[in-house]
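Taking it in order: structure first as structure tokens, then the write-up.
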Amino acid sequence: MLERTPSANTKPVTLRLCGPRGFCAGVDRAIQIVVLALKKYGAPVYVRHEIVHNRYVVEGLEARGAVFVKELAEIPPTEQPVIFSAHGVPKSVPAEAEHLNLLYLDATCPLVSKVHKQAQRHLRHGRHVLLVGHAGHPEVIGTMGQLPEGSVTLIETEDDARQFEAAGRELGYVTQTTLSVDDTRAIIERLSQRFPALEAPAAESICYATTNRQEAVRLAAAGADHFLVVGAPNSSNSQRLVEVARRAGAKKATLVQTARDIPWHEIDSDGKGGAIVGLSAGASAPEILVEEIIAAFRERFETAIELAETAKETEIFPVMRALRDVPLEKADMAFLNGH
């Protein structure tokens, strides 16, 4: 699908716009929970850690009255709620909230909660749990915090998979939901070669949104002069999209938070016949940032937009029952839709 827009610059640029991109159902649900809680309880509503990894979203919620804290101990005595982020939290966090007499709302993505349950299932069956993921990521901290100390080992790389010793234990694995599909496959294959009895989770741990976005990037990256991924530096799924773009054939790939971060001089010098630029957005990035980048291209180049779509996403994760009847205004809906 092509759409051509006149520009003062006669140089043609083709933007390969990935679909799906941007907000996934888990991110959408988490942001809804904060907006609805502010409507129901009024400001302030406290949020432990970034609700999702995107400064535009966080700052937008702060403007509405959300207060972000690193730890529950920072919250003064209050009857106002605290919300746990979409990445999930260790069991110790809701326990601490109860100890502090805090009302809490858990915005953990249902697909992350599913991984928690899969890890606990392995434990119930007497298996030592291998968690494939990145150390320090909030989701990994939350998943490891579901299990007793010593019952889970983090596997980050193929080297970790080669060096891990089972010591006679039965094993089961789960993965972080936002990993590179290809990297994770290689790690699991290495572990399965070494431990043929390794038990897989009952369902795929890497979430549908991660897989869909990576497949669309893989399609759009072939032959691209440059690839832009809209996302935050601390967003795992966004960083993985950059890696996928490079592996799939893009000459260059860059993570950007806004149009200001785009290396325009590189794009302007790409190809005598005009540059081909891939464009996607991580699962925490609102659509308004993508729209601003498209507008910035149109201001600079004769721009054609080509859609690289690999899937249609229809998943919806409902918020908790306590917030379902809270009415929303038009401005709230626009924010929730990433505009």
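Structure data summary
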read-out	value
Unmet criterion (only one of (1) within 19 Å of L336 (Cβ to Cβ); (2) modelled with pLDDT of 95 or more; (3) of a type in the set (D, E, K, R)) for R48	(1)
Residue list for region 36-59, restricted to those being in a helix (DSSP H, G or I), under 18 Å from the mean Cα position of the chain (by Cα) and not hydrophobic (A, V, I, L, M, F, W, C)	R55, Y56, E59
Inter-residue pairs, beta-carbon under 8 Å, first crowded, with 19+ Cβ neighbours inside 10 Å and in region 97-108, second basic (K, R), 6+ apart	A107/R29
Selected residue [of a type outside the set (D, E) and not in a helix (DSSP H, G or I)] from A295, A203	A203
Those residues of region 223-246 which are more than 18 Å from I267 (Cβ to Cβ) and in a loop (DSSP other than H, G, I, E, B), in sequence order	G231, A232, P233, N234, S235
Among the candidates V129, V181, residue that is outside the structural domain of A275 (by TED's automatic domain parsing), modelled with pLDDT under 95 and β-branched (V, I, T)	V181
Filtered residues of region 167-198 (kept if outside any loop (DSSP other than H, G, I, E, B) and either among the small types (G, A, S) or buried (at least 18 other Cβ atoms within 10 Å of the Cβ) (or both))	L171, G172, Y173, V174, T175, T184, A186, I187, I188, R190, L191, S192
Close pairs from region 144-164: first within 18 Å of R127 (Cβ to Cβ), partner of a type in the set (K, R) and crowded, with 17+ Cβ neighbours inside 10 Å, Cβ under 6 Å, at least 6 apart	A161/R190
Any hit, region 114-121, residues being surrounded by fewer than 17 Cβ atoms within 10 Å (Cβ to Cβ), of a type in the set (G, A, S) and not assigned by TED's automatic domain parsing to the domain that holds F84	no
Meets criteria (in the same structural domain as V256 (by TED's automatic domain parsing), buried (at least 19 other Cβ atoms within 10 Å of the Cβ) and within 12 Å of the chain's Cα centre (by Cα)) for R218	no
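The values are calculated or read from the model by the stated rules, or taken from the named source; none is laboratory data. Everything numeric in this text was worked out from a predicted model, so none of it was measured. Here Cβ is always computed from backbone atoms with ideal geometry, including for glycine, and neighbour counts include all displayed protein chains.
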